[in-house]
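Here the structure is laid out as structure tokens; the discussion comes afterwards.
The values are calculated or read from the model by the stated rules, or taken from the named source; none is laboratory data. Keep in mind that this is a model prediction, so the values were computed, not measured. Don't worry about glycine lacking a Cβ; one is built from the backbone with ideal geometry, like all the others, and counts go over all protein chains shown. What goes into the accessible areas is simple: the full protein's heavy atoms, side chains included, and nothing from ligands, DNA or RNA. Shrake-Rupley method; radii C 1.70, N 1.55, O 1.52, S 1.80 Å.
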Amino acid sequence: FIVSLVKYNNNSISAVTSAASIPSGALTHIKTVTASNASNITFIHGTSDVVFDSTYPIYVIKLINCKPASGANLKWNATTDGSNFNVVVTNTTFVAEHSEDNSSVARLTYSAGYDDAQAADPYLAIINKGGYDTGADASGSGEIKIFSPSSTTFVKHYMSRINGMSEYPGSSDCYTAGYFNTTSALTGFRIEALAQNITGTVKLYGIKDS
């Protein structure tokens with residue numbers, strides 16, 4: 001709380017506390033979507049209280065226990081018109097991996113096979129492997145940062161880091177970075193699994209300009 005000290009004519013001092021004076025943080029929650037066996041998880045600016053425009057220069061997308069129906073990889077894409085999710089991407093990927101039983105994989109590797117050069121539907125996780133473990137306890141969590149999605153001057157840069165329980169089973173810590181190669185404003189995005197339904201929670205935040 002912000003406390004103000006007010007001095008009256010009789011020289012007494014009173015403390016006035018105002019909840020309205022509390023400064024809000026730089027990270028502002030916009031929308032949470034929780035899906036159960038859905039075809040995708042979609043956020044469109046202006047729909048269902050979603051803000052995804054010039055209001056914030058940076059947006060943060062948090063994935064919480066996102067699970068493909070049958071162990072597929074996770075991917076995402078963006079739209080410029082609210083309906084077609086086909087914006088092409090150029091990106092690069094790498095992954096740190098470690099198998100659960102310590103018997104096979106323990107490595108940090110560049111994932112050339114998951115790089116995109118002017119392709120839609122870039123992968124987020126599990127890169128470098130066939131996908132998630134299909135056990136009931138398998139899922140992936142992490143975040144994506146996207147910068148100035150409403151710019152009509154620049155391409156739209158993003159970075160993501162998502163850890164998932166891969167098919168080993170084991171930990172796959174997946175990093176991707178790239179850009180949506182368009183100078184049109186992005187008006188939304190979707191998270192989905194490759195040719196499968198998805199269950200999980202996605203949260204959208206905006207970071208205020210300094």
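Output the qualifying pairs, or none if there are none: Cβ atoms under 8 angstrom, residues six or more apart or on different chains, first residue in region 156-172 and open to solvent by 40 Å² or more (accessible area, probe 1.4 Å), second residue of a type in the set (Lys, Arg) and modelled with pLDDT of 95 or more.
159/145
Within region 84-107, can you find the residues that are open to solvent by less than 80 Å² (accessible area, probe 1.4 Å) and free of Cβ contacts under 8 Å to residues at least 12 places away in the same chain?
Result: 84, 106.
Tell me the strands (runs of 3 or more DSSP E) entirely within region 42-118 that contain at least 2 residues that are hydroxyl-bearing (Ser, Thr, Tyr).
Where strands (runs of 3 or more DSSP E) fall fully within region 42-118 and carry at least 2 residues being hydroxyl-bearing (Ser, Thr, Tyr), they are 89-99, 106-110.
Given the criteria out of contact with any Leu (no Cβ under 9 Å at 6 or more places or on another chain) and either open to solvent by less than 10 Å² (accessible area, probe 1.4 Å) or over 23 Å from residue 64 (Cα atoms) (or both), does residue 153 qualify?
Yes; evaluated as a whole, the condition is true for this residue.
Do we have any residue at all in region 119-127 that's more than 30 Å from residue 54 (Cβ to Cβ), among the aromatic types (Phe, Trp, Tyr) and modelled with pLDDT under 95?
No, every residue in region 119-127 fails to be more than 30 Å from residue 54 (Cβ to Cβ), among the aromatic types (Phe, Trp, Tyr) and modelled with pLDDT under 95.
Working only within region 173-210, note down all residues that are open to solvent by 20 Å² or more (accessible area, probe 1.4 Å), of a type in the set (A, V, I, L, M, F, W, C), in contact with a Pro (Cβ under 9 Å, 6 or more places away or on another chain) and at pLDDT 95 or above.
Matches in region 173-210: 185, 207.
Quick check on region 124-141: of everything there that is open to solvent by 20 Å² or more (accessible area, probe 1.4 Å) and in contact (Cβ under 8 Å) with a residue 60 or more places away in the chain, which residue is nearest to the chain's Cα centre (by Cα)?
Within region 124-141, the match that is nearest to the chain's Cα centre (by Cα) is 141.
Which condition from (1) of a type in the set (Ser, Thr, Tyr); (2) open to solvent by less than 50 Å² (accessible area, probe 1.4 Å); (3) free of Cβ contacts under 8 Å to residues at least 12 places away in the same chain is the one that residue 114 breaks?
The number of the failed condition is (3).
Looking at this structure, is residue 115 in contact with a Ser or Thr (Cβ under 9 Å, 6 or more places away or on another chain) and of a type in the set (Asp, Glu)?
Here the answer is yes, as residue 115 does meet what is asked.
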